[in-house]
Structure formats: structure tokens, C-alpha cells
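The values are calculated or read from the model by the stated rules, or taken from the named source; none is laboratory data. Computed from a predicted model, the values in this text were never measured in an experiment. Please note: Cβ atoms are built from the backbone with ideal geometry, for glycine as well, and neighbour counts cover all protein chains shown.
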Amino acid sequence: METRKLVKTGAETYTLSLPKSWVKENKLTKGSILFIKGSAGKIEVTTAETKEEKEKKEIMIQVDNKEINTLRRETISAYINNYNEFVFFGESLNKKLEEIRKILNNFLALEIVEQTQTKMVVKDYLDMKEFSLDNIIRRMDMLARSIIIDAKEAIKDKGISKSIILRDYEVDKLFFLISRILRSRKMDSKQAIEYWWMAKNIENIADDVKELSEKFEKSEEGSKELIIYSKLEEYYKETMKAHFNKDKSLADTIIAKRAALLEETNKLENKEISCKIKSLINQTRNIAKIVLDS
């Protein structure tokens, strides 16, 4: 065993010399790329990037004598807890197959690899290392923003609600993905909570706007509810601007606007729409609070 002394070469860097015999044996030269993997008490240096095999984590889901909503909750729980093989089994599998397939459509990269009358095996082919949490939040925002913009168009186009429902499904998929990534990665708990709470509020906003678009089909252009909704739209855009720019001053201004927006919304005659818009205002304010407290 050879020993080497650690040398400080910069404010944030240290250098460790490599044995000449090892460098020659692996045919390395100046500028060669090395891969470093560290853990408590040891460090591993390799000449090629090693790919870790995904550990098999299987869950058995009995489908007999269960409502579809129960199966949906079980599948969501398994997915966000990083199970990568789902085995659905039971005598009633065929009868529930269509609904189970709909449940699976809520998640990314799940494939049915085996199916019989009483058993269905689904595998996860997701490589979570490829995903950036910040990019997922941006994608969720883009989808939510498009839903918010299009919701008021339901007055002119009665079929737009169907398009909004599809985009809301995509937001849900991304929320489940973020929940899963946060449970699999080692990261600061405060940061993890901020990512999850941000994603949860965007998902809630998309859900509420989806329901609101159906109610807007009966509204009239220029109505009070649409005027206030347009203010909410700007409120959301400003809030996400504060988030992406990490602008605490803007976030504080947004939070201060909440009371006036709620007061206006309380005056709406349509209480169903009023309730939904108030919920949207509060969820948007939650995002601004994350920015302020980060």
C-alpha cells in the first residue's frame, strides 16, 4: 500500500498525486478524464464512469375486493416511495384492467412487461438522475400558466376544458415525479420541503383552474368574475417571476396584495367561482411565501 499527502492547491480545491505505475498501467496521459466516487472514509477513482444497477424494489398489489380509488392510492404511494416493480394480482384483475391502466397513465416511464388473466407486472424504467428538480418546476409552471391563460377562453370555446384536463394530467405526473425524486435523493430537508411545497401549490393551482374553466363556460365576457380572474392571472405571473429571480422584495409586495384581491373576490355573486378564485389567490401567495422565507 502506498501513501500520499493531500496538498491544498486553491481556496476550494485539494490535490492528490497518483502512482506513476497506475497511470502507465491504465494508459493515462495529461488531460485524461477520471471519475471519482466518494463515501464516508473512502474515495474511488476509476478510468470509466460506472453505472450502478437499479436495485429491484417490488410491491405486490392485491386487486380483489378493493375500490379503484383504493388501488389508485396504493399505486401512488408505491410510486413515490420508489418501488420499481409493481405486481397487480387477483381473480378480478381482468374486470379492473382498464381502470388500472388509467391509473398507470398518471406516472412516467411505467411499462407492462407481463400479463395473464390474474397477474400483471409493471416495471419502472425511469432514470431519476437525468431529472433536474428546477427544470421540473419550470415545466409545471409552463403547463399551469397555459391552463390559467386558456381557462377564460372557455366562454368562447366550450371544448377547451378537455385540453385543460389533459394538461392537468401532465402537471400531476410531474408532481408525482418530484415527490419520488425528493424521497430518493439525499438533500437538505429545508430545501426538499421548499421543492415539495412549491410543486404541491402549482399542482393545486392547475386542479382548481381546471374546475374553474368548466364554470367559466356559463360566464359572460366582461363579467366581474373574469375581471378578477385576469387580476389573479397577473398575480400568478408576478409570483413565479419572483420565484425564478429569487426576488424577495417582489415576493413581499405580492403577499401584501393578497388582502385586496380577496376582498374583491368576496363580492362576487357566484359563490362557487368566488371560492375557487380565493383558493387560487391563497395558493399563489403560498409560493410567494416560499420565496420570502428561502
* Structure fact -> Within region 200-242, the residues that are closer than 30 Å to ARG180 by Cβ, of a type in the set (Gly, Ala, Ser) and free of Cβ contacts under 8 Å to residues at least 60 places away in the same chain are ALA242
* Asked: Of everything in region 157-206 that's among the β-branched types (Val, Ile, Thr) and more than 12 Å from the chain's Cα centre (by Cα), which residue is surrounded by the most Cβ atoms within 10 Å (Cβ to Cβ)?
  -> ILE205
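Out of all the residues in region 114-131, which are closer than 30 Å to HIS243 by Cα and exposed (fewer than 10 other Cβ atoms within 10 Å of the Cβ)? Steps first, answer last, please.
As a first pass, look at region 114-131 and keep what is closer than 30 Å to HIS243 by Cα: 126-131.
Of everything in region 114-131, just one residue is closer than 30 Å to HIS243 by Cα and exposed (fewer than 10 other Cβ atoms within 10 Å of the Cβ), namely GLU130.
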* **Candidate set from region 74-108 (those that are buried (at least 17 other Cβ atoms within 10 Å of the Cβ) and of a type in the set (Phe, Trp, Tyr)); member that is farthest from ASP64 (Cα to Cα)** => PHE107
* Structure fact -> Filter region 156-171 for residues that are part of a helix (DSSP H, G or I) and small (Gly, Ala, Ser); the one that is modelled with the lowest pLDDT is SER161
* Asked: Which one of these is closer than 16 Å to LEU212 by Cβ, β-branched (Val, Ile, Thr) and in the same structural domain as ASP208 (by TED's automatic domain parsing): ILE227, ILE287?
  -> ILE227
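Condition test on GLU153, is it of a type in the set (Asp, Glu), in the same structural domain as LYS237 (by TED's automatic domain parsing), assigned to a helix (DSSP H, G or I) and at pLDDT 95 or above?
Values: of a type in the set (Asp, Glu): yes; in the same structural domain as LYS237 (by TED's automatic domain parsing): yes; assigned to a helix (DSSP H, G or I): yes; at pLDDT 95 or above: no.
Here the answer is no, as GLU153 does not meet what is asked.
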* Output the residues belonging to region 239-254 that are surrounded by fewer than 17 Cβ atoms within 10 Å (Cβ to Cβ) and part of a helix (DSSP H, G or I). => LYS241, PHE244, ASN245, LYS248, SER249, ASP252, THR253
* Some residue of region 32-45 being outside the structural domain of ARG183 (by TED's automatic domain parsing), at pLDDT below 95 and within 30 Å of GLU170 (Cβ to Cβ) -> no
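Taking LEU232, is it among the aliphatic types (A, V, I, L, M) and either under 20 Å from ASP168 (Cβ atoms) or part of a loop (DSSP other than H, G, I, E, B) (or both)? Step through it out loud before you land on a result.
On the way: among the aliphatic types (A, V, I, L, M): yes; either under 20 Å from ASP168 (Cβ atoms) or part of a loop (DSSP other than H, G, I, E, B) (or both): yes.
Here the answer is yes, as LEU232 does meet what is asked.
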